[in-house]
Amino acid sequence: MSKGPQRVRGTQDIFGEEADRFQRVVAAFDKVRRLYGFRRVETPVFEATEVFARSIGETSDIVSKEMYTFPDRGGDSLTLRPEFTAGLCRAYISEGWQQHAPVKLATHGPVFRYERPQKGRYRQFHQLDAEIIGSGEPLADVELLVLAHQLLQELGITEGVMLQLNTLGDAATRDAWRAALVAHFEAHRAELSEDSLVRLDKNPMRILDSKDPRDRPAADTAPAIDEFLTDEARTFFEKVTAGLDAAGVPWTRNARLVRGLDYYRHTAFEFVTDRLGAQGAVIAGGRYDGLIEALGGPPTPAVGWAAGIERLAMLIETVKNRPLIVSIIIEDEQDRGRAELIKARLRAGNIAVVEAFRGNAKKRVEWAKREKHDGIVFVRPEGHPLGAFHLQRLDEGAGEEHGRIRTAVFAALGEPMMLSSVKSE
RNA sequence: GCGAUCGUAGCUCAGUUGGUUAGAGCAUCGGUUUGUGGUACCGAGGGUCGGGGGUUCAAGUCCCCUCGAUCGCCCCA
């Protein structure tokens, strides 16, 4: 189409109402995380490649195919963060945050994955992230889930999103279950899809949630993890579910919800919607008690989740209750001084004021209407018999709104008679 | 990496079985009427029809390649 540089694939320029919704998600998260005592942290957008490679497993082809990795000038390999967790764990180790343990952390920002874009999926996208590092208590899992639930409530996402919950058990449980799964699928090798035959070697648990109908019979008859839960693991999961019930957070068990990497233990969960096509997970997380140790730190239990800001933003309504905004229109630049005074007073009164930079009065009126401003303040010439300005309200219907803009503008402009007089209704 | 659909002015789109100088609305710019409760009037600028190649007397319209978009598969830390 047009010449000049183009947006690179999988990136987005977020503008206008979409940007407002994006910001609303972030604001809600910031509000809620404070209510739970999560501390805001900022970590680098890139890390040594090793941080992510070790967190994901060096053998995984995620590392080679789906991360933005590049050498810096000194020859070190760096990687744009594909998630927050690994970087936060690195910081926990390298910055001595162990002294704060258990520490509750919240952050948000861009993350990067080299993937094919599709609905709700970008190469640079944005996440909210909450982690509790240094606590192995089921209470920590519960608190994160209640926090996530409240975030959705805060955003008005009350329908069409369900919390799916599972347990992966402790290390002993996981190993036993995995072995049983492999044995089961090996026995049904002939029935599996080509994709699942590959999964059998690389990531057998993923066969459980395969979308290929050919895999369903074998997947549906696969041994359930419950048969392998140790007493400790079972007790842990029961405490989590009991906590959710006590907090009034609805959930459903999804025994096929799995995590491929070995350091995941116990709780795994996703808040899932059917409103976003194939990318249905809006908040996902779990307990990763083995990760920090894998990164070279001390054995440290931890649990956390991440949420896609774009996906949440797609689920919320247009921002309502925006602050009042008025257009100011002057007819003659000679009135500039008075106009600036009025603008300053309105803004001091918490009323947003904008002024079209060009066009005659007619065009400016049309612009204000098009932009759906709440009103127009016409600045009158010096000595005008009807006063210094005239307020025209542009709001639709809503009688309450009518009064609101009038009251607010007159209050902000203070003693209107000092500016001259104000036209009454 | 794979598949399907799509790609015409800044934006949203029309463009008949391929046929003369490619259209509309909105936006932009200019002017008229004006002096104000979302649509007054007139006019103008703006497109090598994503890019390249091919078929044809003739291609926005057909074929191939390429790039991009959308949705899905794989993957999903």
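It is to be established whether one or more residues within region A:84-98 are more than 24 Å from residue A:32 (Cα to Cα), more than 16 Å from RNA strand B (Cβ to nearest atom) and not in a helix (DSSP H, G or I). Within region A:84-98, one or more residues are more than 24 Å from residue A:32 (Cα to Cα), more than 16 Å from RNA strand B (Cβ to nearest atom) and not in a helix (DSSP H, G or I). Per the listing A:330, A:325, the residue uniquely among the β-branched types (Val, Ile, Thr), within 14 Å of RNA strand B (Cβ to nearest atom), surrounded by 14 or more Cβ atoms within 10 Å (Cβ to Cβ) and more than 33 Å from the chain's Cα centre (by Cα) is A:330. Out of the residues in region A:213-234 meeting the condition of being β-branched (Val, Ile, Thr) and either open to solvent by 20 Å² or more (accessible area, probe 1.4 Å) or touching a strand residue (DSSP E or B) at 6+ places or on another chain (Cβ under 6 Å) (or both), tell me which one is farthest from residue A:167 (Cα to Cα). Here the answer is A:221. How many residues, within region A:30-54, are assigned to a strand (DSSP E or B) and open to solvent by less than 70 Å² (accessible area, probe 1.4 Å)? Result for region A:30-54: 2. Per the listing A:27, A:19, the residue uniquely assigned to a helix (DSSP H, G or I), within 21 Å of residue A:84 (Cα to Cα) and away from RNA strand B (no atom under 11 Å from the Cβ) is A:27. Residues being in contact with a helix residue (DSSP H, G or I) (Cβ under 7 Å, 6 or more places away or on another chain), at pLDDT 85 or above and among the basic types (Lys, Arg) are represented in region A:342-351 by at least one member. When residue A:90 is tested against (1) without any contact (Cβ under 8 Å) to a residue 60 or more places away in the chain; (2) farther than 22 Å from residue A:283 by Cα; (3) of a type outside the set (Ser, Thr, Tyr), only condition (1) is not met.
Within region A:249-276, residues that are closer than 25 Å to residue A:133 by Cα and free of Cβ contacts under 8 Å to residues at least 40 places away in the same chain reach no partner that is among the hydroxyl-bearing types (Ser, Thr, Tyr) and open to solvent by 60 Å² or more (accessible area, probe 1.4 Å) with beta carbons closer than 9 Å at six or more positions or on different chains.
Would you mind stating whether residue A:414 is surrounded by 12 or more Cβ atoms within 10 Å (Cβ to Cβ), modelled with pLDDT of 85 or more and over 30 Å from residue A:158 (Cα atoms)? The answer is no for residue A:414. Criterion first (open to solvent by less than 60 Å² (accessible area, probe 1.4 Å), within 15 Å of RNA strand B (Cβ to nearest atom) and closer than 16 Å to residue A:315 by Cβ) does residue A:120 satisfy it? The answer is yes for residue A:120. Only one entry in A:106, A:179, A:140 is outside any loop (DSSP other than H, G, I, E, B), more than 16 Å from RNA strand B (Cβ to nearest atom) and open to solvent by 50 Å² or more (accessible area, probe 1.4 Å), namely A:179. All but one of (1) within 32 Å of the chain's Cα centre (by Cα); (2) open to solvent by less than 70 Å² (accessible area, probe 1.4 Å); (3) within 29 Å of residue A:120 (Cβ to Cβ) hold for residue A:237, so report the exception by its number. Residue A:237 satisfies all of (1) within 32 Å of the chain's Cα centre (by Cα); (2) open to solvent by less than 70 Å² (accessible area, probe 1.4 Å); (3) within 29 Å of residue A:120 (Cβ to Cβ) except (3).
With the structure loaded, tell me whether residue A:368 is within 14 Å of RNA strand B (Cβ to nearest atom) and open to solvent by less than 10 Å² (accessible area, probe 1.4 Å) or whether it fails that test. So residue A:368 passes the test.
The set of residues from region A:143-162 being surrounded by fewer than 20 Cβ atoms within 10 Å (Cβ to Cβ) and acidic (Asp, Glu) comprises A:154, A:159. Whether a residue is assigned to a loop (DSSP other than H, G, I, E, B), near RNA strand B (Cβ under 9 Å from one of its atoms), of a type outside the set (A, V, I, L, M) and open to solvent by less than 50 Å² (accessible area, probe 1.4 Å) was assessed, and residue A:260 passes this test. Within region A:1-52, the set of residues being touching a strand residue (DSSP E or B) at 6+ places or on another chain (Cβ under 8 Å), at pLDDT below 95 and among the hydroxyl-bearing types (Ser, Thr, Tyr) comprises A:11, A:49. Residues in region A:197-212 that are farther than 22 Å from residue A:253 by Cα and crowded, with 18+ Cβ neighbours inside 10 Å: A:199, A:200.
The values are calculated or read from the model by the stated rules, or taken from the named source; none is laboratory data. Bear in mind the structure is a predicted one, so any value in this text is a computation, not a measurement. All Cβ positions, even for glycine, are placed from backbone atoms using ideal geometry, and neighbour counts span all protein chains on display. Accessible surface is based on the protein model in full, side chains and every heavy atom, while ligands, DNA and RNA are left aside. Shrake-Rupley method; radii C 1.70, N 1.55, O 1.52, S 1.80 Å.
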